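Okay, handing you the structure first.
Every read-out reported here was derived from the displayed coordinates using simple, explicitly stated rules and does not represent laboratory data. This is a predicted model, so every value here is computed, not measured. Cβ placement follows ideal geometry from the backbone for every residue including glycine, while neighbour counts extend to all protein chains displayed.
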Amino acid sequence: MDTDTWELQLPVDADVIALDKDDNIVVLIEVKIIQAQETAAKQKIIARAIDWLKAVLAKLSEKNAIVPYAMFVDAEQILIFKWDGKNLSEPVCTLNTGEICRYYLPTFGSKWIFEDTIETLIQSWLHDLDYHWKSEIPPASEQIAAIGLLPLLAGGTTKSGVELGGNRIYRDQLFDEYCYRA
């Protein structure tokens, strides 16, 4: 699906965003629970979610808001992409969601999981990559450093359930040109 087929209006809802120390958005994260069992159906759902990410990134770029990374997360995999303002790369990093999430919730994968739980676990992981609150070497640290994302997370934070209209979010305040909090 071409990003032109998405008729997005700003603001758009984002599952999770990661912000750098200056409150610039550095990662747009889309989380999906895929209930389809057939591989072809799963791939179609993933492709549609990635197309949506491209469309959002393109719309934000029109507002001079370049978000350098996008992440698609489902219960099985984490796909990380680079965005240059016009093109979304192929995945620059693919991780096993269970390996990441079980570090923060040992029972991950043993029973039904909800999107908001995965969102919380991904945020915990991103905070651990920066602040090392749980581990000196959090899961996939080397891979995240190798793609250039780790330094962008330094001193930053994450937000979930936000509406985006530009490249910044102001912590604990409304600022209608850039971001509206849900």
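Do we find that ILE17 is under 21 Å from GLN123 (Cβ atoms), assigned to a loop (DSSP other than H, G, I, E, B) and β-branched (Val, Ile, Thr) in this structure?
Details: under 21 Å from GLN123 (Cβ atoms): yes; assigned to a loop (DSSP other than H, G, I, E, B): no; β-branched (Val, Ile, Thr): yes.
For ILE17, the condition - under 21 Å from GLN123 (Cβ atoms), assigned to a loop (DSSP other than H, G, I, E, B) and β-branched (Val, Ile, Thr) - is not met.
A further question on this structure: Restricting to region 120-170, give me the number of residues that are touching a Cys at 6+ places or on another chain (Cβ under 8 Å) and acidic (Asp, Glu).
1
Let me spell it out: the conditions are (1) assigned to a helix (DSSP H, G or I); (2) in contact (Cβ under 8 Å) with a residue 12 or more places away in the chain; (3) not β-branched (Val, Ile, Thr), and SER135 meets all of them except one. Which number is the exception?
Going through (1) assigned to a helix (DSSP H, G or I); (2) in contact (Cβ under 8 Å) with a residue 12 or more places away in the chain; (3) not β-branched (Val, Ile, Thr) one by one, SER135 breaks only (1).
I've got another one for you. I'd like to verify a number: residues in region 135-167 that are in contact with a strand residue (DSSP E or B) (Cβ under 7 Å, 6 or more places away or on another chain) and among the acidic types (Asp, Glu), how many?
Summing the residues that are in contact with a strand residue (DSSP E or B) (Cβ under 7 Å, 6 or more places away or on another chain) and among the acidic types (Asp, Glu) in region 135-167 gives 1.
What about LEU28, is it touching a Phe, Trp or Tyr at 6+ places or on another chain (Cβ under 9 Å) and either of a type in the set (S, T, N, Q) or more than 20 Å from GLN123 (Cβ to Cβ) (or both)?
Details: touching a Phe, Trp or Tyr at 6+ places or on another chain (Cβ under 9 Å): yes; either of a type in the set (S, T, N, Q) or more than 20 Å from GLN123 (Cβ to Cβ) (or both): no.
Here the answer is no, as LEU28 does not meet what is asked.
For region 62-129, which strands (runs of 3 or more DSSP E) that fit wholly inside it have 3 or more residues that are buried (at least 19 other Cβ atoms within 10 Å of the Cβ) and either touching a Pro at 6+ places or on another chain (Cβ under 9 Å) or among the acidic types (Asp, Glu) (or both)?
Working: elements: 69-73, 77-82, 93-96.
The strands (runs of 3 or more DSSP E) meeting that bar are 77-82.
Look at region 93-114 and say how many of its residues are β-branched (Val, Ile, Thr) and touching a residue at least 40 places away in the same chain (Cβ under 8 Å). Break it down into steps so the answer makes sense when it comes.
Start the filter on region 93-114 by keeping residues that are β-branched (Val, Ile, Thr), which leaves 94, 97, 100, 107, 113.
Right, trim to touching a residue at least 40 places away in the same chain (Cβ under 8 Å) and you get 100, 113.
Residues that pass the stated criteria total 2.
Checking TRP133 against (1) surrounded by fewer than 19 Cβ atoms within 10 Å (Cβ to Cβ); (2) on the phi > 0 side of the Ramachandran plot, which single condition isn't satisfied?
(2)
Shifting gears a bit: If you take the residues of region 25-53 that are surrounded by 18 or more Cβ atoms within 10 Å (Cβ to Cβ) and out of contact with any Asp or Glu (no Cβ under 9 Å at 6 or more places or on another chain), which of them is farthest from GLY98 (Cα to Cα)?
Residue satisfying both the conditions and the ranking: ILE25.
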